[in-house]
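Trainee: Sharing a structure with you now.
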Amino acid sequence: MTEINGPLARLRKAFRSLEDLPEVIPAAWRPGNATDPLPVETASVDDIAIAIVAANAELSAAIQRSSALEKLHRLAREAGALGTDRAVDAALKREGR
């Protein structure tokens, strides 16, 4: 947990856009125990850059999942499915499979 007057708390207070800055970042790329997260307060600029790449990969995967779910929902609704109908069955029916 961040100290009330610690560096990370002061940074969050100084820059409102940093309120969502995490306490720790994954540090699998660093030597040692890959499961131990790295506190943001001790992270280097390179550590932050690598964490950004990892966060963007997670975001991309989430967007792809969301897009696929939206498509399934649309296909099911276009097939006439109602709220309690099975989406996959309806989508297959719509495609004649």
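The values are calculated or read from the model by the stated rules, or taken from the named source; none is laboratory data. Fair warning: this is a prediction, and the values are worked out from it, not measured in the lab. Note: ideal-geometry Cβ built from the backbone for every residue, glycine included; neighbour counts use all protein chains shown. Calculation scope for accessible area: heavy atoms of the full protein, side chains included, ligands and nucleic acids excluded. Shrake-Rupley method; radii C 1.70, N 1.55, O 1.52, S 1.80 Å.
Trainee: Please identify the longest segment of the chain free of exposed GluC sites (Glu not before Pro), where exposed means a DSSP state other than H, G, I, E or B and no more than 12 other Cβ atoms within 10 Å.
Mentor: Working: sites that count: Glu3, Glu19, Glu23, Glu95.
Answer from the scan: 24-94.
Trainee: Quick check for me: using +1 on Lys/Arg Cβ and -1 on Asp/Glu Cβ, what's the dipole size of the chain about its Cα centre, in debye to the nearest 20? All intermediate terms of the calculation are to be shown ahead of the outcome.
Mentor: On the way: 13 positive and 14 negative charges, 113 e Å.
Around 540 debye, computed over the chain.
Trainee: ³J(HN,Hα) across the stretch 62-72 via Karplus (A = 6.51, B = -1.76, C = 1.60, θ = phi - 60°), whole Hz, x for Gly/Pro?
Mentor: With coefficients 6.51, -1.76 and 1.60, one gets 5, 5, 5, 4, 4, 4, 5, 5, 4, 5, 4 Hz.
Trainee: While we're here: Search the structure for amide H atoms under 5 Å from the amide H of Ile25, placed 1.01 Å from N in the peptide plane, and list their residues when 5 or more places away or on another chain.
Mentor: Placed amide hydrogens put Leu38, Val40 under 5 Å from Ile25.
Trainee: Expressed in nm to one decimal, what extension gain is obtained for the pair Ala68 and Arg12 from 0.36 nm per residue of sequence separation less their Cα-Cα distance? Each step should come with its number before you reach the end.
Mentor: Details: separation 56, 0.36 × 56 = 20.16 nm, distance 3.56 nm.
In short, 16.6 nm is gained.
Trainee: Now, a different point. Among Leu82, Leu59, Leu21, which one shows the biggest mean-square fluctuation in a GNM of the chain, springs joining Cα atoms closer than 10 Å?
Mentor: Fluctuation is largest for Leu82.
Trainee: Quick one: Karplus J couplings for the stretch 9-25, per residue in order, coefficients 6.51, -1.76, 1.60, θ = phi - 60°, nearest Hz, x for Gly and Pro?
Mentor: Once θ is set to phi - 60°, the couplings for the stretch 9-25 become 4, 5, 5, 4, 5, 6, 10, 4, 5, 9, 4, 8, 4, x, 5, 9, 10 Hz.
Trainee: Separation between the Asp20 and Arg86 pseudo-spin-labels, each 7 Å from Cα along Cα→Cβ, expressed in nm?
Mentor: 3.7
Trainee: Another one. With Rg and Dmax of the Cα atoms in Å in mind, check (i) 21.5, 63; (ii) 25.6, 92; (iii) 14.8, 47 and report the label derived from this structure.
Mentor: Here the calculated entry is (i).
Trainee: Right, here's the next one. For the pair Ala61 and Lys93, what calculated FRET efficiency results from E = 1/(1 + (r/R0)^6), where r is the Cβ-Cβ distance and R0 = 41 Å, to the nearest 0.05?
Mentor: Details: r = 29 Å, r/R0 = 0.70.
Efficiency computed from Cβ-Cβ geometry: 0.90.
Trainee: Further question on the same structure: Given springs between every Cα pair under 10 Å in a Gaussian network model of the chain, which of Val45, Val53, Val24 has the largest fluctuation?
Mentor: Val45
Trainee: Sticking with this one: Please give the calculated 222 nm ellipticity per residue for the chain, where each DSSP H segment of at least 4 residues contributes -39500 (n - 2.57) and the sum is spread over every residue; nearest 500 deg cm²/dmol?
Mentor: On the way: 3 runs with 50 residues, N = 97.
Counting only the DSSP helices, I get -17000 deg cm²/dmol.
Trainee: Using a 1.4 angstrom probe and counting only protein chains, how large is the accessible area of Thr42 in Å², to 10?
Mentor: Surface open to solvent at Thr42 totals about 90 Å².
Trainee: Can I ask one more? In Å², and per residue, what accessible area does the chain have when probed at 1.4 Å with the other protein chains present?
Mentor: Numbers: 7720 Å² over 97 residues.
Accessible area per residue, the chain: 80 Å².
Trainee: How far apart, in nanometres, would the label points at Ala79 and Val45 be if each is projected 7 angstrom from Cα along the Cα-to-Cβ direction?
Mentor: So the two model labels end up 5.4 nm from each other.
Trainee: Ok, one more. If the elastic network links every pair of Cα atoms under 10 Å, which of Asp46, Asp85, Asp36 fluctuates the most in the Gaussian network model of the chain?
Mentor: Greatest mean-square fluctuation among the candidates belongs to Asp85.
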